[in-house]
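The values are calculated or read from the model by the stated rules, or taken from the named source; none is laboratory data. Predicted model only: the values in this text are computed from it and were never measured. Because the Cβ atoms are built from the backbone with ideal geometry, glycine has one as well, and the counts that use them run over all protein chains shown. Just so you know, the surface numbers come from the protein's heavy atoms only, side chains and all, with ligands and any DNA or RNA stripped out. Shrake-Rupley method; radii C 1.70, N 1.55, O 1.52, S 1.80 Å.
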Amino acid sequence: MSTEPTHSPDEPLDAVDLALLADLARIAEEIDPVPDGLVERSLFAITLAGLEAEVMELEYVQVPEMSVRGDAPPVEARTITFTSESVTVMISLSATDDGRVRIDGWAAPATALRVELHRPGTVSETASDEDGRFVFDAVDRGPASLVVRRADGAGGAVSTPVVEL
């Protein structure tokens, strides 16, 4: 009996090769499955990286100490401030009755802005008023980032880091 291999790597895959690859894929899936949402989060990160926007710095996160009134359940609210050389954006996140999140935002210096909310697989857009105030009413929880642009088109885009809503 010969101990020499009978298969050359230059030959096309045959049924035995395909069966071995299928077994390897099954074993890998059982031992180390792909985490839920990894593909969506990766595409989201790639999309944000492709914006070529100035990235703001996460400066401040606050959870109110007095978030309970009487016998009512706690009120979930967070305030986050992002800063860059050209703009500062503060957002307040509060839970809605349906378990989603309302985003109230303010930008300084005050000016009319286009504000994009980037989430895995989707982008929502709103406009701020002349005072830099904007709102996204009911947003699903999960990773998100804001991209801010002046409404008049002057200057470049500025992006926040990804935060968990």
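Scanning the stretch 116-148 for residues that are of a type in the set (Ser, Thr, Tyr) and open to solvent by less than 10 Å² (accessible area, probe 1.4 Å) returns a single hit, Ser145. When residues in the stretch 111-133 are screened for being out of contact with any Phe, Trp or Tyr (no Cβ under 8 Å at 6 or more places or on another chain) and assigned to a strand (DSSP E or B), 5 of them pass.
The set of residues in the stretch 149-161 that are crowded, with 18+ Cβ neighbours inside 10 Å and assigned to a loop (DSSP other than H, G, I, E, B) contains only Thr160.
Give all pairs with beta carbons closer than 6 Å in which a residue from the stretch 87-111 that is charged (D, E, K, R) meets a residue that is open to solvent by 40 Å² or more (accessible area, probe 1.4 Å); count only pairs at least 6 apart in sequence or on separate chains. Close Cβ pairs (under 6 Å, with a partner that is open to solvent by 40 Å² or more (accessible area, probe 1.4 Å)) amount to Arg100/Ala138; Arg100/Asp140; Arg102/Asp137; Asp104/Val135. Put simply, of Ala25, Ala77 the only residue that is of a type in the set (A, V, I, L, M) and either surrounded by 12 or more Cβ atoms within 10 Å (Cβ to Cβ) or at pLDDT below 75 (or both) is Ala77. Listed by first and then second residue, the pairs with beta-carbon distance under 7 Å, at least 6 apart or on different chains, first residue in the stretch 26-47 and more than 26 Å from Val147 (Cβ to Cβ), second open to solvent by 70 Å² or more (accessible area, probe 1.4 Å) and acidic (Asp, Glu), form an empty list.
Can you report the number of residues in the stretch 80-91 which are at pLDDT 90 or above and under 19 Å from Arg141 (Cα atoms)? The number of residues fulfilling the criteria is 2.
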